[in-house]
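Single-structure report; data block below.
The values are calculated or read from the model by the stated rules, or taken from the named source; none is laboratory data. Here the structure is a predicted model, which means the values were calculated and not measured. Backbone-built Cβ (ideal geometry, glycine too); neighbour counts: all protein chains shown.
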Amino acid sequence: MFPGHRSCRPSARLASILLLPLLLLGCPPKKPLDDTDGGEVLNTPAVRLQVAAIDPDLSPADRTLDAEVFGSGFEEGARVTFNSAPATSVRFGDENSLRVSVPAMPAGAYDVVVTNPDGTKATLRKGLVLTEGAPTTAGCASATVRFDFDSSVLAAGTRQELDVLAPCLRQGNATVRIEGHADEQGTTDYNIALGQRRADAVQRYLVGLGVSPARMRTVSYGEERPVDRSGSAAANAANRRAEILVRE
């Protein structure tokens with residue numbers, strides 16, 4: 001019936017009568033490249049609204065405070081409240097950050113709530129803590145620990161660094177803040193979760209060394225606060241980290 005080899009490109013005159021045989025022979029007609037002419041439209045999944053952190057997350061009570069809220073899915077016109085108290089101003093940075101002015105409020109732990117213009121909400125439970133007075137410190141140095149790619153497992157060298165730091169952290173009543181970070185590989189949501197696992201791993205290890213969990217707070221910034229933005233392999237390695245900060 002066909003001279004030579006089978007062809008997937010029959011002439012226009014024969015196209016209508018040969019369509020079914022061609023399909024049976026595994027040669028379906030080619031889809032148009034332009035999917036605006038009745039073709040399939042591919043939808044990009046919406047970014048889920050979430051609140052991951054506020055910086056600073058610890059401050060004296062009864063005074064105003066400028067802070068930055070981190071997360072994903074933020075939209076222009078979003079509102080921020082602390083329990084029921086609204087931020088006095090909200091400045092949209094991008095879908096991952098909002099700059100806010102926190103009103104003077106009494107001591108306590110406050111939920112940080114972001115509400116987009118369409119009414120969707122996300123909450124960081126007890127994300128902001130306001131205290132009556134500044135905590136004292138034992139003079140401990142801050143520290144940074146590194147992680148392997150896509151890992152929240154503490155390496156042997158990292159555990160040794162924490163073993164040295166723990167005796168100082170056990171003293172006094174200073175607040176210890178553990179920040180988890182990731183490189184830019186992966187989605188925003190995944191990197192926030194990965195940064196949180198890294199911060200939690202450090203906290204669990206320090207608790208095992210006798211540091212009070214009540215004095216430690218963990219937060220994840222995901223990929224939002226890199227130390228090196230060059231995108232190189234060395235930069236990615238530097239950005240996969242947890243930072244231990246002792247608050248004065």
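List of remarks:
- Only listed residue being surrounded by fewer than 14 Cβ atoms within 10 Å (Cβ to Cβ) and closer than 27 Å to Asp228 by Cβ, chosen from Asp94, Asp183, Asp163: Asp94
- Just so you know, in the stretch 51-98 the residues that are polar (S, T, N, Q) and part of a loop (DSSP other than H, G, I, E, B) include one that is nearest to the chain's Cα centre (by Cα), and it is Asn96.
- Identity of the residue in the stretch 219-248, hydroxyl-bearing (Ser, Thr, Tyr) and within 13 Å of the chain's Cα centre (by Cα), that ends up nearest to Ala199 (Cα to Cα): Ser220
- Residue match in the stretch 102-115 (condition: farther than 15 Å from Ala53 by Cβ, part of a strand (DSSP E or B) and aromatic (Phe, Trp, Tyr)): no
- Scanning the stretch 117-143 for residues that are over 19 Å from the mean Cα position of the chain (by Cα) and modelled with pLDDT of 80 or more gives Pro117, Asp118, Gly119, Val129, Leu130, Ser142, Ala143.
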